[in-house]
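Readers should treat all values here as calculations from the given coordinates under stated rules, not as data from a laboratory. Predicted model, so just to flag it, every value in this text is computed and none were measured. Cβ coordinates were reconstructed from backbone atoms using ideal geometry, including for glycine residues, and neighbour counts include every protein chain displayed.
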Amino acid sequence: MNEQDEEIASTLPEDLNALPRLGGFRLRGIEMTRLETFIDAAFAFAITMLVIAAQQIPDDIKTLLGAFKNVPVFIASIIVLGIFWRGHWLWSRRYGLEDGVSIFISWAMIVTILIYMYPLKAIFSSMWFLLSGGRVGHPLGAHSDSQARALFAIFALGFTAIALEVVLLNLRAWQLREPLRLNAKEGLITFYEVTGWCIPVGVGIISLVLALTLPTEQIAWSGWVYFSMAILVPLHSTYRRRRIEQMENVRSLSANVKASH
């Protein structure tokens, strides 16, 4: 191991099996780091801006009822931000990394989130306006076809960038699997965490291509393509679970054979 790997290894306890576990993964980062604190603050700020950016506190009944039109938009936006937050939270708990590369990627994630929240809200507002027949949300408000195309493209770039940053964080953990002393199961989980986050990266790239190439009357498909993850992500999770179960069964069988001898 090089000097950096030795420093990472030195932060771990000798008996990793004494660490708390989550889904069979030994949690090397159970204590919150300053890096995770900054990430949490960025997500909290983004959520706050989703609430207060559009309007002030309603001071009459009409304004109050109008504000409720934004509730589905707010919930959908929170769900998306929550998925990305959990991705970083899980990475922090599993590996507890604070090396230079991890810090750089996490700061890039902070910047992307704070930029991404505006097109996020605009896209969901337009989606709910379309689905509800104008009852909730607001129309996109683009004054030209090029503006609508640009908004979908910016949304795709932001979505892809955040998902890619989570991929890179888990890929960094995979590269440091030796100093982190990942066992076979943890290594496999880390590998499938990388491939799993490649799904939203791929969908985001497809959305970007559609936003830049589709005719204007079909530009909405650049947004609808994200719903494909409702099928792709569970399929990947099922495959990952079966692969991990197969590995554990093989290890258990091998241990029984050795014990019998």
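Taken over the range 100-191, the alpha-carbon convex hull comes to 120 cubic angstrom per residue. A simple count of charges around Leu16, restricted to other residues whose Cβ falls under 11 Å of its Cβ and scoring Lys, Arg +1 and Asp, Glu -1, yields +1. Our summary gives the chain a relative contact order of 19 percent, counting only alpha carbon pairs under 8 angstrom and 6 or more residues apart. Each of Met229, Met127 was scored by other Cβ atoms within 10 Å of its Cβ. Arranged with the fewest first, they read Met229, Met127. Between Ala184 and Asn2, the contour length at 0.36 nm per residue exceeds the Cα-Cα span by 63.3 nm. Using R0 = 41 Å, the C-beta based FRET efficiency linking Arg177 and Val51 works out to 0.50.
The gain in end-to-end length when the Leu114 to Gln218 segment is fully stretched comes to 34.6 nm, 0.36 nm per residue minus the alpha carbon separation.
Ranked by how many other Cβ atoms sit within 10 Å of their own Cβ, fewest first, the residues Tyr239, Tyr118 fall in the order Tyr239, Tyr118.
Can you give the charge dipole size of the chain about its Cα centre, rounded to the nearest 20 debye, using +1 on the beta carbon of Lys and Arg and -1 on the beta carbon of Asp and Glu?
Here the size comes out at about 880 debye.
Applying 0.36 nm per residue to the separation of Val136 and Glu98 and subtracting their alpha-carbon distance, the gain on full extension is 9.4 nm. Phi angles across the range 203-220 convert, under the Karplus curve 6.51 cos²θ - 1.76 cosθ + 1.60 with θ = phi - 60°, into 3J(HN,Hα) values of 5, x, 5, 4, 4, 4, 4, 5, 4, 8, 10, 5, x, 4, 5, 10, 5, 4 Hz, Gly and Pro given as x. For the range 66-154, the equivalent ellipsoid derived from the alpha-carbon gyration tensor has semi-axes of 32, 17, 8 Å in decreasing order.
The Rg/Rh ratio for the range 203-261, using Cα coordinates for both the radius of gyration and the Kirkwood hydrodynamic radius, is 1.46.
Size of the chain: Rg and Dmax of its alpha carbons, in Å, are 21.9, 81. Summed over qualifying helices (DSSP H, 4 residues or more, each -39500 (n - 2.57)) and divided by its residue number, the chain shows a 222 nm mean residue ellipticity of -25000 deg cm²/dmol.
Among Asp15, Asp99, sorting on how many other beta-carbon atoms sit within 10 Å of each Cβ, with the fewest leading, yields Asp15, Asp99.
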